[in-house]
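Peer 1: Here it is, the structure, as structure tokens.
The values are calculated or read from the model by the stated rules, or taken from the named source; none is laboratory data. The shown structure was predicted, so the numbers you read here are calculated from the model rather than taken from an experiment. Here the Cβ positions follow ideal geometry from the backbone for every residue, glycine too, while neighbour counts run over all protein chains shown. Heavy atoms of the whole protein, side chains included, go into the accessibility calculation; ligands, DNA and RNA do not. Shrake-Rupley method; radii C 1.70, N 1.55, O 1.52, S 1.80 Å.
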Amino acid sequence: MSPSVRVPSGLLGSLLALWVVLAPAGALQGQVAAAPPGEPASLSREALRTLVPELEAQVRRTLMEGNIPSLTMALVVGDSTVWEGGFGYANLWARTPAIPETVYLIGSTFKTHSTAGLLQLMEEGRFHLDDPVRRYLGVVEIRGEDPEDPVTFRHLLTHTSGLPVTFGPHRVWGNTAPRPFREYFEAELEVVSPPLDSLRYSNIAYTLAAHLIEEMTGEDYAAFIQDRIFQPLGLTSTAFEPTPGMDERLAVPYLFEEETGHRPAERLKADAWPAGITYGTIRNQARWLRLNLNGGELEGARLLSPETVEAMHTVQHDPFRGPIGPGWGGEAAGWGLTWWADTRRGDRYFAHSGSVPGYTAFLEGNRDRGVGVALLSNGHAAHLHLFRLSEWTIDRVLDALDKEAAGR
């Protein structure tokens with residue numbers, strides 16, 4: 001064991017560390033996925049078999065260094081999921097191994113789904129990105145908004161609206177419940193700075209986007225997303241509330257403390273639930289990643305035009321360029337329409353993370369080479385560890401693709 005690897009303290013942490021080192025191969029390793037008929041993966045199976053042992057070793061290091069109980073991962077090349085794996089324990093107490101069908105909260109990676117639903121309405125001519133949203137809000141009002149400097153759709157989707165973070169957590173088994181949209185807006189919907197004054201991450205902006213969908217369509221937001229996003233893409237294990245079949249595969253969320261090790265976190269709902277209280281599996285996340293890597297189409301189902309996907313993956317406001325969140329991207333990085341965007345060694349990347357107490361998720365794709373990584377975990381605030389694992393993996397795949405190209 002490398003001296004740089006920090007073994008989790010506490011009984012459960014020690015069990016986890018021991019299992020990561022000594023677990024049977026079948027319980028820890030991923031599997032090479034067969035490419036769809038007629039659509040062979042760009043990366044040969046021989047190259048993938050060479051890469052996988054290195055990748056699995058890197059995942060083990062990530063679990064230990066990040067004190068992450070479990071992690072599921074999928075690798076996308078071209079229009080195929082070429083590899084997937086589950087690592088560690090979804091439930092430390094029961095020692096339940098994580099597998100690709102394990103269900104996690106996908107957190108704010110869901111904001112990209114919600115944005116796609118809203119932009120479908122833009123493509124139908126229902127609104128323009130630079131329209132003031134107040135035209136479409138019905139009786140809802142944004143308190144403090146200057147009519148001469150209104151909040152637009154583009155502001156909502158780039159965290160430049162001036163609306164606050166606001167989340168409104170509620171314990172799943174507590175005595176309170178998320179408020180209806182209108183009641184939530186009456187209490188919380190107020191700008192705290194003018195649009196474009198600063199970059200201010202806002203969950204309520206995405207709850208407002210959900211309300212806008214309802215106002216423009218007359219449909220229930222959750223039903224709209226099911227009909228327009230989940231169902232066409234075959235996301236059968238993605239839901240706002242886990243189905244009974246998903247519930248039995250649900251990973252326990254964990255917090256970690258140096259003195260006591262891992263402990264289960266409270267399960268939460270939130271007033272701002274369209275901002276990220278959504279459950280899913282790594283297989284479903286990989287399908288979403290594939291759609292974004294392939295210009296808005298997956299297996300014949302087109303959800304968005306290539307032009308709209310291009311806009312989603314393109315920085316919208318140059319003055320706010322720079323690393324995003326806890327350290328993704330360089331000085332050229334910035335917010336696209338919900339997605340993060342950056343250029344690295346000449347290639348264009350998009351990404352987004354998600355987190356609630358006890359869960360961290362991440363998606364990243366290289367637009368120019370068609371390579372992407374999806375990650376779900378029940379580790380708390382594990383962003384940097386997932387960023388590093390994703391970028392290491394993409395770089396290794398690009399190296400393998402270059403070697404194969406040179407040998408042809």
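Peer 1: Show me the strands (runs of 3 or more DSSP E) found entirely inside the range 302-408 where at least 2 residues are of a type in the set (G, A, S). Step through it out loud before you land on a result.
Peer 2: Values: elements: 340-344, 347-356, 359-366, 371-377.
Where strands (runs of 3 or more DSSP E) fall fully within the range 302-408 and carry at least 2 residues being of a type in the set (G, A, S), they are 347-356, 359-366, 371-377.
Peer 1: Moving to a separate point now. Looking for something surrounded by 14 or more Cβ atoms within 10 Å (Cβ to Cβ), touching an Asp or Glu at 6+ places or on another chain (Cβ under 8 Å) and at negative phi - is there at least one such residue anywhere in the range 210-217?
Peer 2: Among the residues of the range 210-217, at least one is surrounded by 14 or more Cβ atoms within 10 Å (Cβ to Cβ), touching an Asp or Glu at 6+ places or on another chain (Cβ under 8 Å) and at negative phi, which makes the answer yes.
Peer 1: Please pick out the residue among Y221, Y201 that is open to solvent by less than 20 Å² (accessible area, probe 1.4 Å), aromatic (F, W, Y) and at pLDDT 95 or above. Give the steps one after another, and end with the answer.
Peer 2: Values: Y201 fails: open to solvent by less than 20 Å² (accessible area, probe 1.4 Å).
Of the residues listed, the single one that is open to solvent by less than 20 Å² (accessible area, probe 1.4 Å), aromatic (F, W, Y) and at pLDDT 95 or above is Y221.
Peer 1: I'd like to verify a number: residues in the range 308-345 that are at pLDDT below 95 and of a type in the set (G, A, S), how many?
Peer 2: 2
Peer 1: Please work out if T96 is under 21 Å from N284 (Cβ atoms), β-branched (V, I, T), more than 20 Å from the chain's Cα centre (by Cα) and modelled with pLDDT of 95 or more.
Peer 2: Numbers: under 21 Å from N284 (Cβ atoms): yes; β-branched (V, I, T): yes; more than 20 Å from the chain's Cα centre (by Cα): yes; modelled with pLDDT of 95 or more: yes.
Considered against the rule, which asks whether it is under 21 Å from N284 (Cβ atoms), β-branched (V, I, T), more than 20 Å from the chain's Cα centre (by Cα) and modelled with pLDDT of 95 or more, T96 comes out as yes.
Peer 1: Collect the residues in the range 340-356 that are among the charged types (D, E, K, R) and out of contact with any Lys or Arg (no Cβ under 8 Å at 6 or more places or on another chain), keeping them in residue-number order.
Peer 2: Our first condition is that a residue be among the charged types (D, E, K, R); within the range 340-356, this holds for 342, 344-345, 347-348.
Those that are among the charged types (D, E, K, R) and out of contact with any Lys or Arg (no Cβ under 8 Å at 6 or more places or on another chain): R344, R345.
Peer 1: Go through the residues of the range 367-383 one by one and say whether even a single one is closer than 17 Å to R60 by Cβ, open to solvent by 10 Å² or more (accessible area, probe 1.4 Å), in contact with an Asp or Glu (Cβ under 9 Å, 6 or more places away or on another chain) and not polar (S, T, N, Q).
Peer 2: Checked against the condition, which is being closer than 17 Å to R60 by Cβ, open to solvent by 10 Å² or more (accessible area, probe 1.4 Å), in contact with an Asp or Glu (Cβ under 9 Å, 6 or more places away or on another chain) and not polar (S, T, N, Q), the range 367-383 yields no hits at all.
Peer 1: Which members of the range 227-239 meet the condition of being assigned to a helix (DSSP H, G or I), polar (S, T, N, Q) and buried (at least 16 other Cβ atoms within 10 Å of the Cβ)? Full working, then the answer.
Peer 2: Of the residues in the range 227-239, the ones assigned to a helix (DSSP H, G or I) are 227-233.
Narrowing the set further to residues that are polar (S, T, N, Q) leaves 231.
None - no residue of the range 227-239 is assigned to a helix (DSSP H, G or I), polar (S, T, N, Q) and buried (at least 16 other Cβ atoms within 10 Å of the Cβ), so the list stays empty.
Peer 1: Taking into account only those residues within the range 167-189 that are touching a Leu at 6+ places or on another chain (Cβ under 8 Å) and closer than 21 Å to P147 by Cα, which is surrounded by the most Cβ atoms within 10 Å (Cβ to Cβ)?
Peer 2: Let us first name the residues in the range 167-189 that are touching a Leu at 6+ places or on another chain (Cβ under 8 Å), namely 169-172, 185, 189.
Next, only the ones that are closer than 21 Å to P147 by Cα stay: 185, 189.
Working: F185: 22, L189: 24.
Filtering first and then ranking leaves L189.
Peer 1: Would you confirm whether any residue within the range 252-268 is within 18 Å of the chain's Cα centre (by Cα), in a helix (DSSP H, G or I) and surrounded by 20 or more Cβ atoms within 10 Å (Cβ to Cβ)?
Peer 2: No; the residues of the range 252-268 include none that is within 18 Å of the chain's Cα centre (by Cα), in a helix (DSSP H, G or I) and surrounded by 20 or more Cβ atoms within 10 Å (Cβ to Cβ).
Peer 1: Inspect all residues belonging to the range 375-393 and state whether any of them is out of contact with any strand residue (DSSP E or B) (no Cβ under 7 Å at 6 or more places or on another chain), within 21 Å of H113 (Cβ to Cβ), aliphatic (A, V, I, L, M) and at pLDDT 95 or above.
Peer 2: The answer is no, given that none of the residues of the range 375-393 is out of contact with any strand residue (DSSP E or B) (no Cβ under 7 Å at 6 or more places or on another chain), within 21 Å of H113 (Cβ to Cβ), aliphatic (A, V, I, L, M) and at pLDDT 95 or above.
Peer 1: Of the conditions (1) open to solvent by 10 Å² or more (accessible area, probe 1.4 Å); (2) touching a residue at least 40 places away in the same chain (Cβ under 8 Å); (3) part of a helix (DSSP H, G or I), W288 satisfies every one except a single condition; which number is it?
Peer 2: Tallying (1) open to solvent by 10 Å² or more (accessible area, probe 1.4 Å); (2) touching a residue at least 40 places away in the same chain (Cβ under 8 Å); (3) part of a helix (DSSP H, G or I), W288 fails exactly one: (1).
Residue by residue, here is whether (1) closer than 30 Å to R267 by Cα; (2) modelled with pLDDT under 95 holds:
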site: L16; (1), (2): yes, yes
site: V20; (1), (2): yes, yes
site: L28; (1), (2): yes, yes
site: G38; (1), (2): no, yes
site: R60; (1), (2): yes, no
site: N91; (1), (2): yes, no
site: T102; (1), (2): yes, no
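Peer 1: Would you say P242 is over 22 Å from I99 (Cβ atoms), touching a strand residue (DSSP E or B) at 6+ places or on another chain (Cβ under 6 Å) and open to solvent by 20 Å² or more (accessible area, probe 1.4 Å)?
Peer 2: Working: over 22 Å from I99 (Cβ atoms): no; touching a strand residue (DSSP E or B) at 6+ places or on another chain (Cβ under 6 Å): yes; open to solvent by 20 Å² or more (accessible area, probe 1.4 Å): yes.
The answer is no for P242.
Peer 1: Could you please tell me which pairs satisfy a Cβ distance under 7 Å, a separation of 6+ or placement on different chains, a first residue in the range 155-166 that is buried (at least 24 other Cβ atoms within 10 Å of the Cβ), and a second residue that is outside any loop (DSSP other than H, G, I, E, B) and of a type in the set (S, T, N, Q)?
Peer 2: Once the first residue is buried (at least 24 other Cβ atoms within 10 Å of the Cβ) and sits in the range 155-166, its partners that are outside any loop (DSSP other than H, G, I, E, B) and of a type in the set (S, T, N, Q) give L157/T115.
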